[in-house]
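Presented below is the structure to which this report refers.
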Amino acid sequence: MLVEGEGADRLTLGDRNLLYRSMTTAARRWGIELPPARLLCSNAVPLSRGLGSSSAAIVAGLLIAARVGRQERPLDELLHLASEIEGHPDNVAPALLGGLQVCALADGKVAHVRVPLARPITVALFVPDVPMPTREARGVIPRRIDLHDAVYNISRACLLVAALATGDFAAIRVGTQDMLHQPPRMRLFPTMPVLFHAALEAGALGVYLSGAGSTVAAFVGGDGWPVANAMAEAAARDDVTGRPLVTAVRDLGATIADEQKFFADSD
């Protein structure tokens, strides 16, 4: 196995590699005998930054196992197994299915609905050089929450989905507000409010901590680079190094780009 791109200097290459473990887990589950193969992982997703790199690896591993085994597995079965490996469906659902996905675990299954975006939206990112390990980020979240804070977050989550689905983007700023995980995680990343302010001043529709962090993401109605660069400049003034990035919602889910070459290489 060879890893290039993001995490090339820190990802394990043996049977502890997440992509490899996902492949072998799927192969055992589906009765597939994996042939000897060379794996080249070209990673574009920064690690330990709240951007779902583990979900991307898991979904890739499952698709590879299914193709090597010449099996067409139902999407819901792939989603269930990916969620089982990851521990939740939050990131594997959009990684596998594409688009904006709302999902929940219910009775051992993943309930999910694609939310149609009323109009295109851009996501501006500032990715700090310093990671925020998920275990540490989860450790600062209080075990019990106030009823007021729970209602605050539920109402805003509903508002955000409605804003994206209807095109009423003026409501996104309120819809991205949070009382449950961002305030305690500011203790780990004190520059977070500085980046929030910079993004909003530069024209962001709403801004939030991506996943468990440390990436800060902002919804933008047009060109995302002015917002991403504004966050980078604010971070530099606060002596925080990192890089701006811009991305968008991709409707197409996970696919094998060159299936003919894939089969030729795996025979």
statement: Only unsatisfied item for Ser42, checking (1) touching a Gly at 6+ places or on another chain (Cβ under 8 Å); (2) of a type in the set (Gly, Ala, Ser); (3) surrounded by 15 or more Cβ atoms within 10 Å (Cβ to Cβ), is (3)
Which numbered condition Ile141 fails, given (1) in a helix (DSSP H, G or I); (2) touching a Leu at 6+ places or on another chain (Cβ under 9 Å); (3) among the hydrophobic types (A, V, I, L, M, F, W, C): (1)
- prompt: Looking only at residues in region 251-267 that are surrounded by 10 or more Cβ atoms within 10 Å (Cβ to Cβ) and modelled with pLDDT of 90 or more, which one is farthest from Arg114 (Cα to Cα)?
  reply: Ala254
task: Kindly provide the set of residues from region 183-209 that are closer than 17 Å to Ile141 by Cβ, surrounded by 19 or more Cβ atoms within 10 Å (Cβ to Cβ) and not aliphatic (A, V, I, L, M), ordered by number.
output: Arg185, Phe189, Tyr208
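Take Leu97 and decide whether it is at pLDDT 95 or above, closer than 23 Å to Ala217 by Cα and under 17 Å from the mean Cα position of the chain (by Cα).
On the way: at pLDDT 95 or above: yes; closer than 23 Å to Ala217 by Cα: yes; under 17 Å from the mean Cα position of the chain (by Cα): yes.
Yes, satisfied.
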query: Taking helices (runs of 4 or more DSSP H) that do not extend beyond region 157-238, which have at least 2 residues that are touching a residue at least 40 places away in the same chain (Cβ under 8 Å), among the hydrophobic types (A, V, I, L, M, F, W, C) and farther than 19 Å from Met132 by Cα?
result: 225-237
- prompt: Hey, Ala60 hits all of (1) buried (at least 18 other Cβ atoms within 10 Å of the Cβ); (2) free of Cβ contacts under 8 Å to residues at least 24 places away in the same chain but one; which does it fall short on?
  reply: (2)
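For (1) modelled with pLDDT under 95; (2) within 22 Å of Gly5 (Cβ to Cβ); (3) outside the structural domain of Ala137 (by TED's automatic domain parsing); (4) within 12 Å of the chain's Cα centre (by Cα), each residue gets a yes or a no:
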{"position": "Leu51", "(1), (2), (3), (4)": "yes, yes, yes, yes"}
{"position": "Leu62", "(1), (2), (3), (4)": "no, yes, yes, no"}
{"position": "Gln71", "(1), (2), (3), (4)": "yes, no, yes, no"}
{"position": "Leu78", "(1), (2), (3), (4)": "no, no, yes, no"}
{"position": "Val92", "(1), (2), (3), (4)": "no, yes, yes, yes"}
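For region 145-154, indicate whether the set of residues that are outside any helix (DSSP H, G or I) and either in the same structural domain as Pro244 (by TED's automatic domain parsing) or touching a helix residue (DSSP H, G or I) at 6+ places or on another chain (Cβ under 6 Å) (or both) is non-empty.
yes
The values are calculated or read from the model by the stated rules, or taken from the named source; none is laboratory data. Keep in mind it's a predicted model, so treat the numbers as computed, not measured. FYI the Cβ positions are ideal-geometry reconstructions off the backbone, even for glycines, and counts take in every protein chain you see.
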